[in-house]
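Reviewing the structure listed below.
The values are calculated or read from the model by the stated rules, or taken from the named source; none is laboratory data. What you are looking at is a predicted structure, and each value in this text was computed from that prediction instead of being measured. Cβ coordinates were reconstructed from backbone atoms using ideal geometry, including for glycine residues, and neighbour counts include every protein chain displayed. Only protein heavy atoms, including side chains, enter the accessible area calculation; ligands, DNA and RNA are left aside. Shrake-Rupley method; radii C 1.70, N 1.55, O 1.52, S 1.80 Å.
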Amino acid sequence: MIDYIAAGAETKFFDEVCRHFEKAAQFTNFSPGLLRQIRQCNSVYRFSFPVKGENDVEVIDAWRVEHSHHQSPTKGGIRYSDMVNEDEVMALAALMTYKCAIVNVPFGGAKGGIKINPGNYTPQQLEKITRRYTVELVKKNFIGPSIDVPAPDYGSGEREMSWIADTYATMNPGQLDAMACVTGKPLALQGIAGRREATGRGVAIAVRECVSIREDMQKIGLMPGITGKTVIVQGLGNVGYYSAKFLAEFGAVIVGLCEQEGAIYNRNGLDVEAVLRHRKETGSILGYPGSKEDFKDSAEGLEQPCDILVPAALENQLTINNVFNIQAKIIAEGANGPTTPDAEAMFYERGGIIIPDIYANAGGVTVSYFEWLKNLSHVTFGRMSRRFEENSSLNLVNTVEGITGVSLTPYQRAAIIKGASELELVNSALEDTMVDAFHDIRRIYLQNESIDTLRTAAFVKAINQIGVSYLNMGIFP
Ligand code: GLU
């Protein structure tokens, strides 16, 4: 009897997350009761609401799952997809809990889902649905700056977040911190610079850090360093696009791109911006003039030669059925849950490394945390210190020039004197977070021979952190 499965529920994805959890839990020292408390979803809210269509009323199914209340608020995106179901939202909420713990972001995990295909609705209809969804959350106390803070996910973005913020603020007049009820908002509505690209930037930093370690690369037959590494990216949404963009900026070569309509490949590299332009004009990545090979079956694109594969679309992409055909040595999980546990075991047996989702794609929630802090403090990062720092540096440069008689070039002066912008502060804090977390996970992986994957090491780090917070609450013996 598996006690975390609710009677009659379809729990494949959540079950898989629990399998990862169980595997890691044996390397921790918590009691079975405490482990059960960490693993279980604390609140599952399933609801339906009507939206008036042209001829009739449409009933929309929706969810918000708060997986863990060991920290407040809980945090996680809202998925807009006609594939959404309760099992998926539960699994994604659980992954958020572990993700936040891994990057030391003080939130419990949550996730939301609205079962619609946003492509079938006008912006006006989407606004109606999003506002009504928010009202339902407010009614049940499932949203608020100190309760539960949604964000974008698959199928949603800044526009949806601004509707949520506005609805929440309207229903809570005078609440000073109302804008901290949701993150991933547009910059003009108290969002933060760098949030849009944060998840992809985080994926690229994770990959760069992983491939920089000589002994790890030797074990899988790769040279250390990101320069020249060949990469295939699945998904050209927010995560996939920015992962590809920053990996290319760091010196990697994007050789393959996979989307719903098919995949393209060129061993000498693809220009991601040009591919996107082509897709906008023609509706497909296929037929892009810079591609050497086009595949109508998108899955075939994953199996082409490369060093690194970045699945950045949806869960369950790498399974026992295709993992043997994957030629990449490294899988960097931009999406949540793209590799099944059995496929992961096979991939490691073959001598590969998987940079797990709960670490690799944590850049988004990391910068969401900065946005939440900005909203609570009501001041832009750097506003209080920027000019002061610039003046201090200017004084220092002038003094040194005066004493030494050496004059800096205008370029050198400008580079030294410049105070940090919000974007620079966000990006450097994100880099710091991703680099530190990678080495924490790797240390755990190396410390115990029985910990056989980076994912298990990441789960151990998360479980230890969450377990200690529960113990500090004094609930558990
Ligand atoms: N939906 C994103 C994720 O899965 C972002 C969550 C957030 O920023 O709260 O990590």
Extreme residue, positive dipole direction of the chain, given options Tyr411, Gln40, Phe438 (C-beta unit charges) = Tyr411
task = Work out the length of the dipole vector of the chain about its Cα centre, built from +1 on the beta-carbon of each Lys and Arg and -1 on the beta-carbon of each Asp and Glu, and round it to the nearest 20 debye.
result = 940
message = As I understand it, the dipole of the range 182-286 uses +1 on the Cβ of Lys and Arg and -1 on the Cβ of Asp and Glu, about the Cα centre. Which of Gly194, Gln218, Val275 lies farthest toward its positive end?
response = Gly194
request  = Determine which aspartates and glutamates satisfy two conditions relative to Lys296: a Cα distance under 15 Å, and not lying fewer than 8 residues away in the same chain.
outcome  = Glu259, Glu261
request  = Please report, as a whole percent, how much of the solvent-accessible surface of the chain comes from carbon and sulfur atoms (probe radius 1.4 Å).
outcome  = 52
query = Applying the Karplus parametrisation 6.51 cos²θ - 1.76 cosθ + 1.60 with θ = phi - 60° to the phi angles of the range 227-243, what ³J(HN,Hα) value in whole Hz is obtained for each residue in order, glycine and proline being reported as x?
reply = 4, x, 5, 8, 10, 10, 10, 9, x, 10, x, 4, 5, x, 4, 6, 4
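Relative to the Cα centre, what is the charge dipole magnitude of the range 141-294, using +1 at the beta carbon of each Lys and Arg, -1 at the beta carbon of each Asp and Glu, and rounding to the nearest 20 debye?
Details: 15 positive and 18 negative charges, 83 e Å.
Computed about the Cα centre, the dipole is about 400 debye.
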note = What the Cα atoms of the chain span along the principal axes, largest first and in whole Å, is 78, 58, 57
Sum of side-chain charges, Gln125 neighbourhood, beta-carbon under 15 Å (Lys, Arg +1; Asp, Glu -1) = 0
The range 1-136, accessible area per residue, ligands and nucleic acids excluded (1.4 Å, Å²) = 42
key: Electrostatic dipole magnitude of the range 329-477 [Cβ: Lys, Arg +1; Asp, Glu -1; Cα centre; debye, to 20]   = 400
request  = Could you name the lysines whose alpha carbon sits less than 25 Å from that of Lys461, not counting residues in the same chain fewer than 8 places away?
outcome  = Lys12, Lys23, Lys75, Lys99, Lys111, Lys219, Lys329
task = Mind checking which of Gly76, Gln26, Asn104 is farthest towards the positive end of the range 1-131's charge dipole, using Cβ charges of +1 (Lys, Arg) and -1 (Asp, Glu) about the Cα centre?
result = Asn104
inquiry  = Under 5 Å between amide hydrogens, which residues at least 5 positions from Thr230 or on another chain qualify, with H placed 1.01 Å from N in the peptide plane?
reply    = Val253, Asp307, Ile308
ask   = Amide H neighbours of Ile78 under 5 Å, counting only residues 5+ apart in sequence or on other chains, H built in-plane at 1.01 Å?
value = Gly112, Ala151, Asp153
query = Residue by residue through the range 438-450, which ³J(HN,Hα) values in whole Hz follow from phi under the Karplus form 6.51 cos²θ - 1.76 cosθ + 1.60 (θ = phi - 60°), with glycine and proline marked x?
reply = 4, 6, 4, 5, 5, 4, 5, 4, 7, 5, 10, 4, 6
request  = With runs of 4+ DSSP H residues as the only contributors, calculate the mean residue ellipticity of the chain at 222 nm using -39,500 (n - 2.57) per run, divided by the residue total and rounded to the nearest 500.
outcome  = -15000 deg cm²/dmol
Rg(Cα)/(2.2 N^0.38 Å) for the range 275-367, N = residue count = 1.18
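Per residue, how many Å² of accessible area does the range 359-477 show with a 1.4 Å probe? Could the numbers behind the result be given before it?
Details: 6400 Å² over 119 residues.
Ligands and nucleic acids excluded, the result is 54 Å² per residue.
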query = Net charge near Gly364, counting Lys/Arg +1 and Asp/Glu -1 over other residues with Cβ under 10 Å of its Cβ?
reply = +2
query = When ranked by the protection proxy of mean other Cβ atoms within 10 Å per residue, highest first, what sequence do the peptides 229-236, 84-91 form?
reply = 229-236, 84-91
inquiry  = Taking amide H atoms as placed 1.01 Å from N in the peptide plane, list the residues 5 or more away in sequence, or in a different chain, whose amide H sits under 5 Å from that of Ala335.
reply    = Ala312, Ala313
ask   = If you plug each phi of the range 209-218 into the Karplus form 6.51 cos²θ - 1.76 cosθ + 1.60 with θ = phi - 60°, what whole-Hz ³J(HN,Hα) values come out, in order, with x for Gly and Pro?
value = 5, 4, 6, 7, 8, 3, 5, 5, 5, 4
